[in-house]
1. From the list A:ARG17, A:ARG46, A:ARG34, A:ARG96, pick out the single residue that is within 23 Å of A:TYR122 (Cα to Cα), of a type in the set (D, E, K, R) and modelled with pLDDT under 95.
2. Just checking, does segment B:21-28 include any residue being at pLDDT 90 or above, surrounded by fewer than 19 Cβ atoms within 10 Å (Cβ to Cβ) and farther than 29 Å from A:ALA18 by Cα?
3. If you check B:GLU7, B:GLU54, which single one turns out to be crowded, with 20+ Cβ neighbours inside 10 Å, touching a His at 6+ places or on another chain (Cβ under 9 Å) and modelled with pLDDT under 95?
4. B:ASP129 is checked against (1) more than 8 Å from chain A (Cβ to nearest Cβ); (2) buried (at least 20 other Cβ atoms within 10 Å of the Cβ); (3) touching a helix residue (DSSP H, G or I) at 6+ places or on another chain (Cβ under 6 Å) and fails just one. What number does that condition carry?
5. Return the pair list, or none, for Cβ contacts closer than 8 Å from residues in segment B:1-17 that are more than 7 Å from chain A (Cβ to nearest Cβ) to residues that are assigned to a helix (DSSP H, G or I), at least 6 apart or on different chains.
6. Which of the residues spanning segment B:42-64 are under 22 Å from A:ARG46 (Cα atoms) and free of Cβ contacts under 8 Å to residues at least 60 places away in the same chain?
7. Could you list, in sequence order, all residues of segment B:96-116 that are assigned to a helix (DSSP H, G or I), among the small types (Gly, Ala, Ser) and facing chain A (nearest Cβ under 10 Å)?
8. Considering segment A:71-94 alone, what residues qualify as being within 14 Å of chain B (Cβ to nearest Cβ), assigned to a strand (DSSP E or B) and either of a type in the set (Ser, Thr, Tyr) or without any contact (Cβ under 8 Å) to a residue 12 or more places away in the chain (or both)?
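The values are calculated or read from the model by the stated rules, or taken from the named source; none is laboratory data. Note that the structure is a prediction, hence the values are computed from the model and not measured. Glycine also receives a Cβ, built like all others from the backbone with ideal geometry; neighbour counts cover every protein chain displayed.
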Amino acid sequence: VPGHMKLHETSVLGYSRAAAPPDRQGRLYKKSERSSAYQRRWCELRGNLLFYWERQGDREPLGLILLEGCTVELQESATEPFTFEISYPQGPPGHRAYKMAAEDQASMEGWVRALSTASFDYLRALLMELEGQYRASGALGTTPLEERAARHSPLVAAVGLPDFEGLHQQFGEEIVKLRARWREERAGGAQTAQGNLIDLE
Amino acid sequence: MRYSERELLSLSRQPAEKAAEILMRAPKKGSVLKKRLVKLVVNFLFYFRTDEAEPIGALLLEHCKINKEEENVFSISFIEEPDRKYSFECDTEEQCQEWIEALRRASYEFMRRSLIFYRNEIQKMTGKDPLEQYGISEEARFQLGTRKL
């Protein structure tokens, strides 16, 4: 039957009950599609899924909202304070948006921040960025312990030891350059690196 | 449990990390191998009848185990039901290994652990928290120690 996709629910429910604490939890009010009334819900964010229950402690969630490809926007309404909307601009036309209300300003801001950075895509981009920084920071340097171990390796005896001192020196310089660049970027790139880069505070 | 099928359908139409026609068997007893178009998008695995545009099913790839079975075959099972396995028979052993690798890395939880690892390592090496510049260094979900690694 077209339009009837089966989501394997047991695993989703299992994820909703995971022992690890959720990424964010709390009370939110969700606007009903049918009645336009705001209904109180207990919400828990896990990964890119927002689960909601009628009450905290209820076993089975009432539902879940997928946080992929969505936009989270503050509503700035005088009549409906602390509201925000989860919408899917790239989704099919006429696709519903979720109108949510928090209990106060701080809660609203916290939820908007958490929900707008909850997507798998966002996490993946962040991870790639950090992976790049990790490799650039000379993660290949060895510790003195590894150096000693290498001396006892027949393979190393056959091909010889790399120049560890030279490598450490090189990595040290790389890290200093990276630090200078990061400092620069933080200062808005207003200065260019001048003089001796080896200028530690 | 309510969820928007439209959201999932929309997701299933996104560019896939990986997609292929693979023989698939559901955990139901007496189930037979059927050729399906299997598509990995973020942490969901969608499967379609090969001539249809809409998926017939979706698996959330969290709290699951991807196991190598016999030659060319891997399976997906979930922690809550370890004996109920979705079986996939690939054309080659190489394809099988590629899928296993891709599916293991496809969980949000796996990526989160990797992120925490890199964050910690970069902080140790440079003395600087790489998440500070994004304004998310205080987010609970990226803290070391709040999750079992």
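1. It is A:ARG96.
2. So far as segment B:21-28 goes, yes, one or more of its residues are at pLDDT 90 or above, surrounded by fewer than 19 Cβ atoms within 10 Å (Cβ to Cβ) and farther than 29 Å from A:ALA18 by Cα.
3. B:GLU7
4. If we test B:ASP129 against (1) more than 8 Å from chain A (Cβ to nearest Cβ); (2) buried (at least 20 other Cβ atoms within 10 Å of the Cβ); (3) touching a helix residue (DSSP H, G or I) at 6+ places or on another chain (Cβ under 6 Å), just (2) comes out false.
5. B:GLU17/B:ALA102
6. B:PHE44, B:PHE46, B:GLY57, B:ALA58, B:LEU59, B:LEU60, B:LEU61, B:GLU62, B:HIS63, B:CYS64, listed by residue number.
7. To start, the set of residues in segment B:96-116 that are assigned to a helix (DSSP H, G or I) comprises B:96-104, B:108-116.
Imposing the further condition that a residue be among the small types (Gly, Ala, Ser) reduces the set to B:102, B:114.
Scanning segment B:96-116 gives a single hit, B:SER114.
8. The answer is A:THR71, A:SER87.
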